[in-house]
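Everything on this sheet refers to the single structure shown next.
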Amino acid sequence: MNAKLLVIAVLVFFLMGCSQRPECSTSAGDMTAPSAGCLVVSDGDLLLVKSMGGFYGPPGGSVDRRESAQCAAERETWEEAGVVAKAGELAVEFDNGFHLYWCESLSGRAIDISRPLEIKHADWFDPELFQHLKWRYRGQGVAIEELMASR
């Protein structure tokens, strides 16, 4: 293996994290969503990630080909925060097709960011702090706070 390929292989290993991605918790699911994410609540706090642009939001992203929205939500939560999640019921579907699911953490509250070029920070936040955060989308914090209050 030449040196250039070795450097690329090491870089990919570093960026993807050392641990293997957990299996999806469901064999069925919504195959029509373009993107999905998780609302992971633990002890009244919500798991949020902060992008390199400085914006907060729940972990989520694009649905891969032949992947359900629920599996994508779980995968993105693990990739962005290192939290193993199980997707439950749909919390909300936004106008752009983004599906946001209520998810349960199967790995506790420990966070392990394996994508340091994409995610700057991840943590558990009390809804009372939402108004002080710089959200990725306008009104997102208020909408999520209302979802949490109605649950």
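The values are calculated or read from the model by the stated rules, or taken from the named source; none is laboratory data. Just so it is clear, the structure is predicted and the values come from calculations on it, not from any experiment. FYI the Cβ positions are ideal-geometry reconstructions off the backbone, even for glycines, and counts take in every protein chain you see.
Here are the numbers for this structure:
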read-out	value
Checklist (1) surrounded by fewer than 19 Cβ atoms within 10 Å (Cβ to Cβ); (2) touching a Lys or Arg at 6+ places or on another chain (Cβ under 9 Å) applied to Q140, failing item	(2)
Region 39-62: number of residues that are within 16 Å of Q131 (Cα to Cα), over 14 Å from the mean Cα position of the chain (by Cα) and surrounded by 13 or more Cβ atoms within 10 Å (Cβ to Cβ)	1
Test: residue in region 84-102 that is among the hydrophobic types (A, V, I, L, M, F, W, C) and either more than 25 Å from G29 (Cβ to Cβ) or out of contact with any strand residue (DSSP E or B) (no Cβ under 9 Å at 6 or more places or on another chain) (or both)	no
Enumeration of residues in region 107-133 that are assigned to a loop (DSSP other than H, G, I, E, B), more than 13 Å from the chain's Cα centre (by Cα) and either more than 22 Å from G44 (Cβ to Cβ) or hydrophobic (A, V, I, L, M, F, W, C) (or both)	A110, P116, L117, L133
Any hit, region 63-75, residues being of a type in the set (V, I, T), touching a helix residue (DSSP H, G or I) at 6+ places or on another chain (Cβ under 8 Å), surrounded by fewer than 23 Cβ atoms within 10 Å (Cβ to Cβ) and under 23 Å from W135 (Cβ atoms)	no
Residue among L147, L100 that is crowded, with 16+ Cβ neighbours inside 10 Å, assigned to a helix (DSSP H, G or I) and modelled with pLDDT of 95 or more	L147
The lone exception for R115 - which of (1) modelled with pLDDT of 95 or more; (2) out of contact with any Pro (no Cβ under 7 Å at 6 or more places or on another chain) it fails	(1)
